[in-house]
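The values are calculated or read from the model by the stated rules, or taken from the named source; none is laboratory data. All values derive from a computational prediction rather than experimental measurement. Glycine gets a Cβ as well: all are built from the backbone with ideal geometry, and neighbour counts include every protein chain shown.
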């Protein structure tokens, strides 16, 4: 028991150290390299380094490598190290796709997601196509178990349909859906952290070591990165963060046997996907800053994002939007865990 605890804790500490050092480095390096984004929710437009998700991805990958190293030279691994290496490769590949999206910065503002922005990014159709590469390592090792517990239907054996169809669709959908909701200090890493804690609690409570390990690494990375984006923000997570988060979520759900719980935890992003779909994804989540610091919904009473819901509910500041949506995600995490405890899932 103690040794098993060590094999989770030590990689988690390594993740935190790597993420902290990498974030500090990227704040200056990416800004000087011109890989920047604009924060328009303040009194004046503020430019800062983008693609901070590189630090989170690096932290998780180094944590996985630390476990694999220990499993090779120090202890007998509880889970397959080849499976973990496939997860690391998946995170790296999909983070690179996010980086391609982040580095397309223009000298002059151009039309992007229904607003003028210096960051043009990839074309809308390119994102799902390219994020497919993040699924290839998981497909190659036939990750997870093809018998899936589907609500109402019960256990269903999907056979080869699972690695060939379900996994790539899950990676593409989850990574792109996470990418839709953001634009406010601490919102993306905050919601992702809450979801990660939910997966961690589930994995510990229901005995999934793989889920516990991956969730711990992810939570350690995001918890370390969050202050750099939420408190006096100096770096924006970027698409490297959202895409990598999607790949990690799918890995936890598939390898930690948490598909049903994961669907409930992921409901806020599913809602966001369909809200964006109403306007063919040509939507901005951002509000229009008012003189008193509050945010006005950009489309009036028309709702195309969960952020618009908050801005229409009350006179909300940027922090209010983040807090309300993080609380919204926490509610679904609690719901998922309760449904599991009472045997509904």
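Would you confirm whether or not region 171-182 contains a residue that is surrounded by fewer than 18 Cβ atoms within 10 Å (Cβ to Cβ), touching a helix residue (DSSP H, G or I) at 6+ places or on another chain (Cβ under 7 Å) and modelled with pLDDT under 90? Looking for residues that are surrounded by fewer than 18 Cβ atoms within 10 Å (Cβ to Cβ), touching a helix residue (DSSP H, G or I) at 6+ places or on another chain (Cβ under 7 Å) and modelled with pLDDT under 90, one finds none in region 171-182, hence no.
Screening 100, 85 for residues that are in a helix (DSSP H, G or I), closer than 28 Å to residue 125 by Cβ and free of Cβ contacts under 8 Å to residues at least 60 places away in the same chain leaves exactly one candidate, 100.
In this structure, residue 284 does satisfy being within 24 Å of residue 229 (Cα to Cα) and either out of contact with any helix residue (DSSP H, G or I) (no Cβ under 9 Å at 6 or more places or on another chain) or in a loop (DSSP other than H, G, I, E, B) (or both).
Residue-wise test of (1) more than 12 Å from the chain's Cα centre (by Cα); (2) without any contact (Cβ under 8 Å) to a residue 40 or more places away in the chain; (3) crowded, with 24+ Cβ neighbours inside 10 Å.
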site: 193; (1), (2), (3): no, yes, no
site: 198; (1), (2), (3): yes, no, yes
site: 201; (1), (2), (3): yes, no, no
site: 211; (1), (2), (3): yes, no, yes
site: 217; (1), (2), (3): yes, no, yes
site: 222; (1), (2), (3): no, no, yes
site: 227; (1), (2), (3): yes, yes, no
site: 239; (1), (2), (3): no, no, yes
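Could you list, in sequence order, the residues of region 22-64 that are in a helix (DSSP H, G or I), touching a residue at least 40 places away in the same chain (Cβ under 8 Å), touching a helix residue (DSSP H, G or I) at 6+ places or on another chain (Cβ under 6 Å) and closer than 22 Å to residue 187 by Cα? Hits for region 22-64 are 23, 26, 53, 54, 55, 56, 57, 58, 59, 60. Counting the residues of region 312-331 that are in a helix (DSSP H, G or I) and farther than 16 Å from residue 275 by Cβ gives 9. Regarding region 284-298, can at least one residue be identified that is surrounded by 22 or more Cβ atoms within 10 Å (Cβ to Cβ), under 22 Å from residue 243 (Cα atoms) and in contact (Cβ under 8 Å) with a residue 12 or more places away in the chain? The answer is yes; a qualifying residue exists. Does residue 182 count as outside any helix (DSSP H, G or I), out of contact with any strand residue (DSSP E or B) (no Cβ under 8 Å at 6 or more places or on another chain) and more than 22 Å from residue 238 (Cβ to Cβ)? No: the conditions fail for residue 182.
On inspection, residue 83 does not qualify as crowded, with 17+ Cβ neighbours inside 10 Å and touching a strand residue (DSSP E or B) at 6+ places or on another chain (Cβ under 7 Å).
Note on region 41-50: among residues that are buried (at least 17 other Cβ atoms within 10 Å of the Cβ) and over 20 Å from the mean Cα position of the chain (by Cα), the one that is farthest from residue 285 (Cα to Cα) is 48. Among the candidates 325, 345, 335, the residue that is buried (at least 18 other Cβ atoms within 10 Å of the Cβ), touching a helix residue (DSSP H, G or I) at 6+ places or on another chain (Cβ under 9 Å) and at pLDDT 95 or above is uniquely 325.
The single residue among 76, 103 that is modelled with pLDDT under 85 and either on the phi > 0 side of the Ramachandran plot or surrounded by fewer than 16 Cβ atoms within 10 Å (Cβ to Cβ) (or both) turns out to be 76. Here residue 309 clears all of (1) at negative phi; (2) touching a helix residue (DSSP H, G or I) at 6+ places or on another chain (Cβ under 9 Å); (3) without any contact (Cβ under 8 Å) to a residue 12 or more places away in the chain; (4) not in a helix (DSSP H, G or I) except the condition numbered (4). A single member of 19, 7 is part of a helix (DSSP H, G or I), modelled with pLDDT under 95 and either buried (at least 20 other Cβ atoms within 10 Å of the Cβ) or in contact with a helix residue (DSSP H, G or I) (Cβ under 7 Å, 6 or more places away or on another chain) (or both), and it is 7. Look at residue 164 and say whether it is surrounded by fewer than 16 Cβ atoms within 10 Å (Cβ to Cβ), outside any loop (DSSP other than H, G, I, E, B), over 18 Å from the mean Cα position of the chain (by Cα) and at pLDDT 90 or above. Spelling it out, it is not the case that residue 164 is surrounded by fewer than 16 Cβ atoms within 10 Å (Cβ to Cβ), outside any loop (DSSP other than H, G, I, E, B), over 18 Å from the mean Cα position of the chain (by Cα) and at pLDDT 90 or above. Counting the residues of region 185-208 that are closer than 14 Å to residue 251 by Cβ and part of a loop (DSSP other than H, G, I, E, B) gives 1.
Just one of the listed residues (292, 285, 320) is closer than 22 Å to residue 127 by Cβ and either in contact with a strand residue (DSSP E or B) (Cβ under 9 Å, 6 or more places away or on another chain) or modelled with pLDDT under 90 (or both), namely 285.
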